[in-house]
Amino acid sequence: MSEFSDEHREMYLRSGGAQGHIMDLTDRGGHAFTTHCLIKVTGRKSGQTRIVPLIYGDFGGEVVIVASKGGADQHPEWYLNLTAAPEVDFQIATQAFRATWREPEGEERHKVWDFMCRAFPPYLNYQKATARHIPLVMMTPTAAIDVFR
């Protein structure tokens with residue numbers, strides 16, 4: 001992860017989610033009020049817990065995250081780890097949840113992609129920078145859990 005992501009994650013965790021949920025990303029081509037969540041995944045090889053800050057959007061009651069890795073040619077590790085499990089834990093501000101997840105397909109995927117590109121316009125350039133299909137993950141909360149520490 002980048003230094004920015006590490007610092008962002010630590011601020012989010014230290015504050016219990018009171019800080020880090022909304023960030024100004026105008027310097028990165030985003031918006032002044034860009035929403036972020038934390039996801040918690042287990043390393044598929046190491047078995048270690050990983051907590052990753054990600055931009056999210058709420059689409060029809062589902063929480064959407066984008067496995068962009070800045071347009072790199074490889075999927076982000078968090079996504080590969082996520083695909084190895086049927087559930088994921090995530091935190092939005094001061095609330096955390098266990099969730100099921102899925103990837104949208106077809107027309108729904110197009111709508112969700114357009115929605116997320118409006119939320120964070122650099123995603124358009126990320127897709128242009130890589131031949132890989134950038135995955136979208138839609139999470140549906142199933143239970144409230146303790147905030148991440």
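The values are calculated or read from the model by the stated rules, or taken from the named source; none is laboratory data. Quantities reported herein were computed from a predicted structural model and do not represent experimental measurements. No Cβ is skipped: glycine too gets one built from the backbone with ideal geometry, and neighbour counts run over all protein chains shown.
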State which residue is nearest to LYS69 (Cα to Cα) when the search covers only segment 18-35 and only residues that are surrounded by fewer than 17 Cβ atoms within 10 Å (Cβ to Cβ) and among the small types (Gly, Ala, Ser). GLY29
Quick check on GLN95: is it out of contact with any Phe, Trp or Tyr (no Cβ under 6 Å at 6 or more places or on another chain) and farther than 26 Å from ALA18 by Cβ? no
Could you look through segment 1-17, keep only residues that are outside any helix (DSSP H, G or I) and not hydroxyl-bearing (Ser, Thr, Tyr), and pick out the one that is surrounded by the most Cβ atoms within 10 Å (Cβ to Cβ)? GLY17
Residue in segment 57-69 that is among the aromatic types (Phe, Trp, Tyr), touching a residue at least 40 places away in the same chain (Cβ under 8 Å) and either in contact with a Phe, Trp or Tyr (Cβ under 8 Å, 6 or more places away or on another chain) or surrounded by fewer than 13 Cβ atoms within 10 Å (Cβ to Cβ) (or both) present: yes
Taking only pairs six or more apart or across chains, which ones have beta-carbon atoms under 9 Å, a first residue in segment 16-33 that is under 20 Å from ARG149 (Cα atoms) and touching a residue at least 60 places away in the same chain (Cβ under 8 Å), and a second residue that is among the charged types (D, E, K, R) and assigned to a loop (DSSP other than H, G, I, E, B)? GLY16/ARG149
Segment 130-146: number of residues that are surrounded by fewer than 16 Cβ atoms within 10 Å (Cβ to Cβ), hydrophobic (A, V, I, L, M, F, W, C) and not in a strand (DSSP E or B): 1
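Take PRO86 and decide whether it is surrounded by fewer than 18 Cβ atoms within 10 Å (Cβ to Cβ), on the phi < 0 side of the Ramachandran plot and at pLDDT below 95.
Criteria met by PRO86.
Do we find that ALA84 is farther than 19 Å from ALA129 by Cα and either acidic (Asp, Glu) or out of contact with any strand residue (DSSP E or B) (no Cβ under 6 Å at 6 or more places or on another chain) (or both) in this structure?
Against the criterion (farther than 19 Å from ALA129 by Cα and either acidic (Asp, Glu) or out of contact with any strand residue (DSSP E or B) (no Cβ under 6 Å at 6 or more places or on another chain) (or both)), ALA84 qualifies.
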Are any of the residues in segment 25-48 charged (D, E, K, R), under 18 Å from ASP89 (Cβ atoms), in contact with a Gly (Cβ under 9 Å, 6 or more places away or on another chain) and not in a helix (DSSP H, G or I)? no
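Picking from TRP101, TRP113, which residue would you name as being among the aromatic types (Phe, Trp, Tyr) and within 13 Å of ILE39 (Cβ to Cβ)?
Numbers: TRP113 fails: within 13 Å of ILE39 (Cβ to Cβ).
Exactly one residue qualifies, and that residue is TRP101.
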Residues (closer than 21 Å to ILE51 by Cα and aromatic (Phe, Trp, Tyr)) located in segment 85-119: PHE90, PHE97, TRP101
Subset of segment 108-129 [crowded, with 17+ Cβ neighbours inside 10 Å, of a type in the set (Phe, Trp, Tyr) and in contact (Cβ under 8 Å) with a residue 40 or more places away in the chain]: PHE120, TYR123, TYR126
LEU38 being under 13 Å from the mean Cα position of the chain (by Cα), at pLDDT 95 or above and farther than 15 Å from ARG149 by Cα: no
